[in-house]
Amino acid sequence: MKKIYYFILFATFSPIVFAIDTGLAFEDSKLQERYEKLISEVRCLVCQNQSIKSSNVFLAVDLRNEIKIMIGKGKSNNEIGDYLVERYGEFILYRPRYTGYSLFLWIAPLALMLGGLFVVMRVIKSKSN
Amino acid sequence: MRDLFILIFLITVIGGALILYAKRASDLDDNVNFSAVSRETFLLLNNVLLVITTLLILIGTLAPLVMEIFGMGKISIGAPWFEIAMLVPMIPLLIFISMGMHSLWIKDDIRKVFDRSKFLFITAAIIGFFIPAYFYGRAGLLLVIGSILSIWIILSSFVSIKNGLFPNNRKSGINRSVLGMATAHLGLGFFVLGVTFVSSFGIETDRSFSVGDTLSVAGYDYRLKSIKNAPGPNYQAIEAEIDVYKDNSLYTKLYPQKRTYIVQKSPMTEAAIKASWNKDLFIALGDSLGNDKWSVRIQYKPMIRWIWFGCLIMALGGAIAISDKRYRSIE
Amino acid sequence: MMNKHYLPIIIFFLVIPIFYIGLDRNKSELPSPLIGKEMPKFSLPSLQNSNNIIDNSNFDYEIFLLNVWATWCSGCLEEHPFLMQLSKSNQIPIIGLNWRDNKNDAIDWLENYGDPYNLIANDKLGRVAIDWGVYGAPESFLVDSNGIIIHKHLGPLNEKIWEQDFVSLIRDVNNK
């Protein structure tokens, strides 16, 4: 039943795939770049797997607007991220946070490189004797 | 139910492969020795780096699921993490490829390795810095690194291709394994070059215009000439005629459509793309905003075809290598 | 027989249960970070009379239900009969948050189907809904006398869900 409900919900106002703001959010090209990068990192919670940059459902439009306003007020990217996480949880950000359990994710590449180095040294040692 | 079927299929395929590996891998063990600096070492380094890359993708894909199951919260892992994580193993990989391509089997001298790479690297460094700065007016760190490393691989590959086509021992003819290896690496160089330029200079922007207006994106001017009905065999469509100008001369015309298929009812957008060897221009209609005003998405993707072209060349390299009899001998 | 090459298949079989458990996960449920926290402060015009302002001072109840709804939301229509039933049974006051809707459409809708709400706030721009972490209507929040959100439900309410998830929580609050 839940599946039918969600199908109807999404179908009746499904996001048009190439849906779109109707103009630049900011005159300043640096701010515009920052805005575009930010909205590409915010998940559209009503869509399968899209950012609010690529969707036009109410939620996406409203969140884009909020972010536009916050950038205008001089909020930092971190503050905007906190704002969204406070309301929707960490799931809404495509970039995992740098604190808590997600920290392991950011350490992973370096940890694996160290492990790899260890493996390489062992193999070379055994092969060069 | 369908998910369960996919899981069973995966278990069968992966499980089967790993069981086969467990039984047969010992047959592949050899007792060849090589010294700390050798072509074998470079291959070892690169294999390890590729495995790390694959592991990172696995971690990024499974971590949200694992975290949710163990009550560590529900998170998303998307492009922002993957892009950074992949760079960590990939940058050393690209460096080792260029250095290792010309190194000797079994035993080499690290000073000679540097010596052989010196000239090519410096040439690549100059070109790799010059091209983005001159043609695109910018030179960010990742852009320059990607540019230099990919050009270094490309130059090194050309040298190896020459070695493969004209080996020292003329009598044995073209050395296909060397030629195949070099061609594949050449393809990789093209691939990385394409990825670097597209991620640094690519533009994707949402705008709107009415008939007669012009929008400027990445040095190209898009002028909306008309909006017409354009019915098709099983759909109704609205088609826009767009003239694209570069430096005031007509570069191309694009005809994006908004189609409503009779069966489906919800509209689909047909993007118009102008592809060429060094860039793609893309435009797609969004919504009608009334008064003949339309929202559009315009994309500028420099060097994107090189990504596909690079993959083709890699495949070609593989084919050349397979055609070498030495890889197909049964002992 | 047992050599290091058996390691990958062993690891693989240890990892499979994770995938199997993952099959069952309800993908669309997003745990709300607002549970246990104080409800967001807001001030909106009432749906029926825009001169009337509804804000947190209106919510001086032991416990109440905040229901996010809209005329364009088919799930809201689906849960409506239950809300009517709930309001008639006087178990709990129901506050409506009309989300991103057309005011006249909303008023007509209520006239047509009935009005289960004690109060309805008109969130035309959707900014209050964002503060409540709303992403798909209908959504319902259970709030206690201290203004703490003690439960959130995503999707249409019905008898069964009410019995299972809400009744015991309400009883606990009433017993305090």
Obtain the radius of gyration and the Kirkwood radius of chain B from its C-alpha atoms and give Rg over Rh. 1.06
So if I restrict to the alpha-carbon atoms in the protein assembly as shown, what is the Rg, and what is Dmax, the biggest pairwise distance, in Å? 30.2, 98
If the viscosity is 1.002 mPa s and the temperature 20 °C, what translational diffusion coefficient in µm²/s does Stokes-Einstein give for region B:145-196 when Rh comes from Kirkwood over Cα pairs? 191 µm²/s
Least to most buried among B:Ile151, C:Ile92, B:Ile174, A:Ile67, by other C-beta atoms within 10 Å and fewest first, runs B:Ile174, C:Ile92, A:Ile67, B:Ile151
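Only helices at least 24 Å long along their own axis, judged from Cα atoms, and with Kyte-Doolittle mean hydropathy of 0.5 or greater: name those in chain C from DSSP H. Walk me through the intermediate numbers first.
Working: long enough: C:7-24 (28 Å, 2.37).
Correct list, ordered by number: C:7-24.
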Taking N as the number of residues in region B:15-167, what is its alpha-carbon radius of gyration divided by 2.2 N^0.38 Å? 1.35
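Which whole-number percent of Cα pairs in chain C have a distance greater than 20 Å?
On the way: 8805 of 15400 pairs.
Distances greater than 20 Å cover 57 percent of the Cα pairs.
Among C:Leu119, B:Leu10, which comes first, second and so on when ranked by fewest other beta-carbon atoms within 10 Å?
Ranking C:Leu119, B:Leu10 by Cβ neighbours within 10 Å, fewest first, gives B:Leu10, C:Leu119.
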One point scatterer per Cα, no solvent, Debye formula: log10 I(q)/I(0) for region C:129-176 at q = 0.15, 0.20 Å⁻¹ comes out as -0.43, -0.73
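Of all chymotrypsin sites (Phe, Trp or Tyr not before Pro) in region B:1-98, which ones are in loop regions per DSSP and have a Cβ with at most 13 other Cβ atoms within 10 Å? Intermediate results must be reported in sequence, preceding the final value.
Working: sites: B:Phe5, B:Phe9, B:Tyr21, B:Phe34, B:Phe42, B:Phe70, B:Trp81, B:Phe82, B:Phe96; in loops: B:Phe34, B:Phe70.
Answer in residue order: B:Phe70.
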Averaged over its residues, how many other protein chain Cβ atoms are within 10 Å of peptide B:12-19's Cβ atoms? 3
Shielding score for A:60-66, defined as the mean number of other chain Cβ atoms within 10 Å: 3
Quick check for me: using +1 on Lys/Arg Cβ and -1 on Asp/Glu Cβ, what's the dipole size of the protein assembly as shown about its Cα centre, in debye to the nearest 20? 3240 debye
Give me a single rounded figure for C:129-138: the average over its residues of other chain Cβ atoms within 10 Å of their Cβ. 6
Comparing B:Gly189, B:Gly290, B:Gly202, which has the greatest mean-square fluctuation in the GNM of chain B with Cα pairs linked when under 10 Å apart? B:Gly290
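Are there any trypsin sites (Lys or Arg not before Pro) in region B:186-270 that are in a DSSP loop and have at most 14 other Cβ atoms within 10 Å? List them by number. Write down the numbers at each step before the final one.
Values: sites: B:Arg207, B:Arg223, B:Lys225, B:Lys228, B:Lys246, B:Lys253, B:Lys258, B:Arg259, B:Lys265; in loops: B:Lys265.
Qualifying residues, ordered by number: B:Lys265.
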Looking only at region C:1-123, where both bridge partners belong to it, what percent of the DSSP beta bridges are antiparallel (to the nearest 5)? 30 percent
Links exceeding 18 Å between C-alpha atoms in this model, out of B:Lys246/B:Lys274; B:Lys228/B:Lys253; A:Lys53/B:Lys225; B:Lys246/B:Lys279; A:Lys37/B:Lys301; A:Lys30/B:Lys274, come to A:Lys53/B:Lys225; A:Lys30/B:Lys274
Hey, could you pull the Cα Rg and Dmax for region A:25-77, both in Å? 10.8, 32
Can you tally the net charge around B:Trp277? Count Lys and Arg as +1, Asp and Glu as -1, for every other residue whose Cβ sits under 13 Å from the Cβ of B:Trp277. +3
Enumerate the lysines that C:Lys4 could reach by cross-link, defined here as Cα to Cα under 26 Å, with residues fewer than 8 away along the same chain left out. A:Lys125, A:Lys127, B:Lys23
Relative contact order of chain B: what whole-number percent is it, with Cα pairs under 8 angstrom and at least 6 residues apart? 14 percent
Computed P(r) (all Cα pairs; region B:270-331; 5 Å bins; percent): 4, 14, 13, 12, 11, 9, 8, 7, 6, 6, 4, 2, 2, 1, 0, 0
Pick from C:Asn56, C:Asn98, C:Asn112: which is most flexible by mean-square fluctuation in a GNM of chain C where alpha carbon atoms under 10 Å apart are linked? C:Asn112
With chain B treated as a Gaussian network of Cα nodes joined by springs under 10 Å, which of B:Asp287, B:Asp27, B:Asp213 yields the largest mean-square fluctuation? B:Asp27
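Bear in mind these aren't lab numbers, they're just calculated from the coordinates by the rules spelled out. It should be emphasised that the depicted structure is a prediction, and the values quoted were computed from it without experimental measurement. Don't worry about glycine lacking a Cβ; one is built from the backbone with ideal geometry, like all the others, and counts go over all protein chains shown.
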